[in-house]
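Here is the structure we will look at.
The values are calculated or read from the model by the stated rules, or taken from the named source; none is laboratory data. All of these numbers come straight from a predicted model, not from anything done at the bench. As a convention, Cβ positions derive from the backbone with ideal geometry for all residues, glycine included, and neighbour counts pool all protein chains shown. Heavy atoms of the whole protein, side chains included, go into the accessibility calculation; ligands, DNA and RNA do not. Shrake-Rupley method; radii C 1.70, N 1.55, O 1.52, S 1.80 Å.
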Amino acid sequence: MSSDKVKAIDIAELAGVSQPTVSRALRNSPLVSKETRERVQAIAKKMNYKVDVHASNLRSRLTRTIALLICRDSEDQSAMINPFFMSMLSSITLAASKNGYDLLLSFQQLSDDWIADYESSKKADGIIFLGYGAYTDYIERISSLNQSDAHIVTWGPVVEGQPGYFIGCDNKAGGYQVGKHLLELGHTEIAFIGDISEDCPEFQERYAGFSMALEEAGLKVNPNLVVTAHSSEDHGFIATTGLLATKEKFTAVFCVSDLIAIGAMRSFNKHGISVPNDISVVGFDDIPRSSYTNPAITTVNQDTEKAGELLVESLLDLIHNEKPKQLRLLTPTLVE
């Protein structure tokens, strides 16, 4: 069979897989097993099959560009991008490049019309949204987009029955790991700092996992040691300072983000409390700065490399009218 007549469906028949699987395998998608990828690619090579990217773009009118949107928490124009998302940016860029796509990065307000600005105006074929800010605000926007033909995949909390396509961390498992770790160190009076309101289902899950670990040990979370704080150093510092002022006894603190943990350590240092000699501190996210604090912070790592691959692959599935799996949770790892 000559190469100009070979089609993806021909390869699919010989490989014993579906045509969408051939498409994924030729893109080196991690969603296809290594064995299947190698079999499909070997058949394609033997048949001299090559994807004509230019012709494909003309037929589908694709831009070969993905928009990556990160939203501000507030109207503050000086607001910085969460350091955790810098690792995500790197992995998403690499995954997009491997698939022959460029990345268009944009810092947005939740009120902006993402689809009109990007996909509808043909600046990008689809959107990856890093769920940043109040969940109750952005889930409404995603719900309306899900009813249109928009191609959008979100990194954020994976909630049963939610609209759209989400990929996220198993936050409950992460919180459970933290609870078990602190209990194994001998702590029984543990503070918790973070916002566990409906706006923050990811933090709610971390709290749920933490609580489950304590309950298994026959303990309960002391409500007097639960302090609300947004994910920033300043809020971590203020929350910890307020907690110390209550004179409640605690020997360890679980902060729902590394930024809060860094702020907490500043407060402990100001009050002459040594970490970890006097108190143990655990964060979440494993941002680079957590390794350079003194001492380095025990934290929970989210697999940003795998996350980037899955976000890009899921979005490409949508762009090519293939349905990705809706619920995906990545297992986190405790880093001492």
Checklist line | Amide H contacts of Tyr49 (H built 1.01 Å from N, under 5 Å, at least 5 apart or other chain) | finding: none
Checklist line | Under Karplus coefficients 6.51, -1.76 and 1.60, residue-wise ³J(HN,Hα) of the stretch 182-195 in Hz, glycine/proline x | finding: 5, 5, 5, 7, x, 7, 10, 10, 10, 8, 10, 10, x, 8
Margin query: List the residues, sorted by chain then number, that are 5 or more residues from Leu330 or on another chain and whose placed amide H is less than 5 Å from its amide H.
Written below: Gly168, Cys169, Asp170
Checklist line | the stretch 195-280 - percent of accessible surface contributed by carbon and sulfur, probe 1.4 Å | finding: 51
Check: Ordered by packing density, taken as the mean number of other Cβ atoms within 10 Å over each peptide's residues, highest first, how do 247-258, 294-305 rank?
Finding: 247-258, 294-305
Check: Given a 1.4 Å probe, how much area per residue of the stretch 256-330 is accessible, in Å²?
Finding: 42
Note to self: Taking only Cα atoms of the stretch 242-336, what ratio of Rg to Rh do you get with Rh as the Kirkwood inverse-distance radius?
What the structure shows: 1.18
Margin query: Relative contact order for the stretch 190-251: what percent, with Cα pairs under 8 Å and sequence separation of 6 or more?
Written below: 43
Check: Applying the Karplus parametrisation 6.51 cos²θ - 1.76 cosθ + 1.60 with θ = phi - 60° to the phi angles of the stretch 96-107, what ³J(HN,Hα) value in whole Hz is obtained for each residue in order, glycine and proline being reported as x?
Finding: 5, 4, 4, 9, x, 10, 8, 10, 10, 8, 9, 9
Notebook entry, point to check: Ordered by residue, what ³J(HN,Hα) values in Hz, to whole numbers, does the stretch 202-218 give under the Karplus form 6.51 cos²θ - 1.76 cosθ + 1.60, where θ = phi - 60° and Gly and Pro are x?
Noted result: 5, 5, 4, 5, 5, 5, 4, x, 4, 4, 4, 5, 5, 4, 5, 8, x
Notebook entry, point to check: Let a ≥ b ≥ c be the square roots of the eigenvalues of the Cα gyration tensor of the stretch 123-259; is it rounded (a/c under 1.5), or, if not, prolate (a/b larger than b/c) or oblate?
Noted result: prolate
Next item on the list: Pull up all non-local amide H partners of Gly126: gap of 5 or more, or a different chain, and H-to-H distance under 5 Å with H placed in the peptide plane.
Entry: Ala67
Check: When ligands, DNA and RNA are left out and all protein chains stay put, how many square angstrom of accessible area per residue does the stretch 119-242 have with a 1.4 Å probe?
Finding: 43
